[in-house]
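The values are calculated or read from the model by the stated rules, or taken from the named source; none is laboratory data. In this text, all values refer to a predicted model and were calculated from it rather than measured experimentally. Because the Cβ atoms are built from the backbone with ideal geometry, glycine has one as well, and the counts that use them run over all protein chains shown. Each accessible area value is taken on the protein alone, full model and side chains, heavy atoms only, with ligands, DNA and RNA left out. Shrake-Rupley method; radii C 1.70, N 1.55, O 1.52, S 1.80 Å.
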Protein chains: 2
Amino acid sequence: MTTTSTRETEIAADPTIPLIRISREFDAPPEKVFRAHTDPDLVVQWLGPRDLTMSIDHYDCRTGGSYRYLHTRDGEEYRFNGCFHEVRPAELIVQTFTFEGFPDGVALEKLVFEDLGDGRTRLVATSLCDSFEERDAMIASGMETGIVEGYQRLDELLAG
Amino acid sequence: MTTTSTRETEIAADPTIPLIRISREFDAPPEKVFRAHTDPDLVVQWLGPRDLTMSIDHYDCRTGGSYRYLHTRDGEEYRFNGCFHEVRPAELIVQTFTFEGFPDGVALEKLVFEDLGDGRTRLVATSLCDSFEERDAMIASGMETGIVEGYQRLDELLAG
């Protein structure tokens with residue numbers, strides 16, 4: 001089915017720089033996909049894998065803002081934080097990202113919302129890491145499950 | 001003279017990732033060098049080359065804060081902005097950096113303040129760029145003059 005194939009999440013490790021590139025299409029216009037990334041009441045409904053519960057400390061998604069959130073599962077806690085370098089409505093989010101369990105690791109993330117027309121959007125998200133080791137550790141950490149499931153949950157939210 | 005040689009600013013392009021590494025020693029303890037990077041009333045006195053005038057729009061140097069400033073010279077204007085991902089007193093600043101003349105270019109900067117004892121500090125500042133092209137363009141832009149002169153001005157401020 002076409003619908004299924006275009007909803008595949010592509011995750012690729014760049015061969016020349018320590019970067020991860022994630023590409024995903026959504027059946028919703030850029031404004032709506034963007035809002036699901038900036039409104040904390042929506043973010044909390046889809047970000048991360050299904051078996052983790054997200055709670056937001058703060059999520060001030062504007063140029064110069066910052067965020068911190070917590071994922072929990074059976075008493076395990078995973079905290080994340082960063083700042084928003086630039087937020088251009090329905091177009092671009094540039095932010096930093098740290099998993100607090102490894103506080104010296106910082107990634108620079110860019111989310112580009114591309115209008116495909118017909119109410120569809122391609123989201124290209126890149127994560128630039130400090131080193132190839134850190135990038136490869138991030139990939140090995142099981143991030144793929146969280147991203148693929150998170151985007152499936154986002155599909156459901158956008159369809160709702 | 002020993003004093004002169006330890007005040008050399010080393011600027012190196014990493015061979016394997018698109019990163020610039022700058023190393024510089026100062027005849028002041030980490031607390032003092034750090035404060036000169038976080039207090040906007042001090043930052044404005046040394047950041048950048050001598051022939052530019054700096055004015056600060058805002059400089060909220062704390063975890064989750066942001067900054068924006070302007071350098072002017074004979075009617076030319078250069079604006080810069082970013083957010084502060086993490087600020088650990090006398091130890092670490094992690095921030096983003098954009099020259100607004102090239103708004104899609106973002107660097108992730110880490111400033112590590114190392115206590116050398118005897119009231120001396122080594123500052124190691126790294127800038128991680130999106131690509132080797134962007135990194136090499138930053139080096140070719142004349143950043144070296146601004147950095148070397150800025151740190152000479154910082155020496156003067158610290159000695160004052």
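The single condition from (1) away from chain B (no Cβ under 14 Å); (2) touching a Leu at 6+ places or on another chain (Cβ under 9 Å) that A:TYR69 fails is (1).
When segment A:40-57 is filtered for residues that are within 22 Å of B:GLY64 (Cβ to Cβ) and either touching a residue at least 12 places away in the same chain (Cβ under 8 Å) or crowded, with 17+ Cβ neighbours inside 10 Å (or both), the ones remaining, listed by number, are A:PRO40, A:LEU42, A:VAL43, A:VAL44, A:LEU47, A:GLY48, A:MET54, A:SER55, A:ILE56, A:ASP57.
For segment A:7-37, filtering for residues that are open to solvent by 40 Å² or more (accessible area, probe 1.4 Å), under 14 Å from A:ARG122 (Cβ atoms) and among the β-branched types (Val, Ile, Thr) leaves 0. Pairs meeting the criteria (first residue in segment A:78-94 and away from every other protein chain (no Cβ under 11 Å), second residue acidic (Asp, Glu), beta carbons under 7 Å, at least 6 apart or on different chains) are A:ARG79/A:GLU100; A:PHE80/A:GLU100; A:ALA90/A:GLU31. Residues of segment A:49-67 that are in a strand (DSSP E or B) and closer than 23 Å to A:PRO89 by Cβ: A:ILE56, A:HIS58, A:TYR59, A:SER66, A:TYR67. In segment B:94-110, of all residues being part of a loop (DSSP other than H, G, I, E, B) and among the charged types (D, E, K, R), the one that is most open to solvent (accessible area, probe 1.4 Å) corresponds to B:ASP104.
Would you mind telling me which numbered condition in (1) of a type in the set (A, V, I, L, M, F, W, C); (2) open to solvent by less than 20 Å² (accessible area, probe 1.4 Å); (3) without any contact (Cβ under 8 Å) to a residue 60 or more places away in the chain; (4) touching a helix residue (DSSP H, G or I) at 6+ places or on another chain (Cβ under 9 Å) B:PHE113 fails? Of everything listed in (1) of a type in the set (A, V, I, L, M, F, W, C); (2) open to solvent by less than 20 Å² (accessible area, probe 1.4 Å); (3) without any contact (Cβ under 8 Å) to a residue 60 or more places away in the chain; (4) touching a helix residue (DSSP H, G or I) at 6+ places or on another chain (Cβ under 9 Å), B:PHE113 misses just condition (3). Annotation note: Cβ proximity below 6 Å between a residue of segment A:120-139 that is facing another protein chain (nearest Cβ under 10 Å) and modelled with pLDDT of 95 or more and a residue that is open to solvent by less than 30 Å² (accessible area, probe 1.4 Å) and outside any loop (DSSP other than H, G, I, E, B) (sequence gap 6+ or interchain) occurs for A:THR126/A:LEU19; A:LEU128/A:LEU19; A:LEU128/A:LEU108; A:CYS129/A:ALA107; A:CYS129/A:ARG135.
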